[in-house]
1. Evaluate Rg over Rh across region 100-140, taking Cα atoms for both radii and Kirkwood's formula for Rh.
2. Hey, what's the per residue convex hull volume over the C-alpha atoms of region 328-563, in cubic angstrom?
3. Relative to the longest principal axis of the C-alpha atoms of the chain, give the angle of the C-alpha long axis of helix 609-638, reported between 0 and 90° and rounded to the nearest 10°.
4. Quick check: residue separation of residue 599 and residue 323 times 0.36 nm, minus the Cα distance between them. What number comes out in nm?
5. Take peptides 492-500, 319-327 and line them up by average Cβ neighbours within 10 Å, highest first, as a rough protection proxy.
6. At 7 Å along the Cα-to-beta-carbon direction for both residue 510 and residue 625, put a label point, then send me their distance in nm to one decimal.
7. Calculate how steeply helix 247-282 sits against the longest principal axis of the alpha-carbon atoms of the chain, using the helix alpha-carbon long axis, and give the answer as 0 to 90 degrees to the nearest 10.
8. Which order do peptides 408-418, 229-239 fall in by mean Cβ count within 10 Å, highest first?
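What follows draws every value from the coordinates through simple rules; no lab data is involved. Because the structure is a prediction, the values reported are computed rather than measured. Positions of Cβ are backbone-derived with ideal geometry, glycine not excepted, and every protein chain shown enters the neighbour counts.
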């Protein structure tokens, strides 16, 4: 046992933060710690680290316990360099190595090896060398290189000053330093915030296979918790609840605990009511007084089950559509994504199609242009090359990552009402209330409400737009865990078409039916969720390594732009243009057929033989045309 907490309490003035906290961290145990903002997670971690006193209770730490703590601020020496910061982790071993070098020099200066001086130096050297080897001193540089490469610093000069690094790079470097220290307990506070998929995957594998100590992880990354922890702690309304298993198992066990608690509470309340009723009826009767008094005593000694706290109502989201689009929702051909002035190309030769009802996620390295691709498709960012064609009958809603499309100076309620002036106030307030924007919150300017509240306001807009296509850019970034679960279910239930960018791997496993990986050379399509993408990519990378020096095939199910000739791309463009033309012809023909059929029911036409004959001929011709259009449209669509 590394840490044991019993009945711990902590308050700030009259504000009680932690109540009767009980927690045990075993040697080698892996635990996640979750709770809403303000639940007391940081307070609890500060108490464990000895940075904050507690009011009552007991806190035990194993003798000699070493703790590595990654705070949300990195704690690095800004004046140092990458390599100096990493080698500083091994300062005691490196000093020992210097001592060994000095002993070697002294021994080289003594020619007579049988002297007591030489034997004394040799004995000291042997002791230091044995300790040096036990600490794996000869592999320090290998360890540093392995961890730095894994944490995404392979292309960074090791002499780079820490002060010049970005916030994300500093976080990654702080994690690297902690991994190299190998403490008995590693506490990570939101470690995944600035990590890309490959770095996350490396870190997860390292923690599973190389790090042998205990883990306590505070994170909103449900996928990370799923693959790294075996137990969950949840801080809720000042109390701590423990669960065995990862995050997914926690969600099941928590629901069971609350249901059982409610059942036991109701059963006890029913029993108490029966006993009190019996006492009231029988306490004054001589024949039953003793029995009634025994029940009074039983009531006094009964351990009362607290009433379960009313569940904090989760937000409600429901995305609806008012009309169906045609099959081809979005067609992108030979597109370049560029930003800046002058334009800098981030990604080129993009060929992509989005069909009605598909739910596709776009992933890729940071800075590759995923958000810019969405904005290019919407026409927010101009493109200098390629085509973007939206299909007929498409209506599009767009969720911007930082909600910059909201007016910061408007009140929250006006931001919604000004967009939908014909909707009654009661309906507007009802939609805001469904995402827990109520009372005074709706009368605050957009700029002062929290990031999570701005996200929910943006979802209100999308709910009222009822578009048949939704584009989302990092929709879970500002949401708490319960809200993320609600959003995922709403997206799964949505009957329209989804195209979204996300780093949330839990979301990527639950919602999309396709993953599109964006690289500087175009798109690679994987027909499955994130787990399928990982397995398929690993297989393709393994096969490519085995086939060297033969040509490496890029991981994609369908030929992408980099594999097509100009003639093939031209033919594809012509096919998609013809499909669009046919959809217009079909819509016009169906509209004319409807009008002819309506005219033929009118009495003044029905009784006119010549008019009826002409309409019948035209109807036959239009239906024949429709059959031809549909046949050609289906053939081209199947291609």
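1. Here Rg/Rh amounts to 1.06.
2. Given the Cα convex hull of region 328-563, per-residue volume reads 134 Å³.
3. 30 degrees
4. Gain in length upon complete extension: 96.8 nm.
5. Put in order of decreasing packing, that is 492-500, 319-327.
6. Simple spin-label model gives 4.9 nm for this pair.
7. With rounding to tens, the tilt is 80 degrees.
8. 229-239, 408-418
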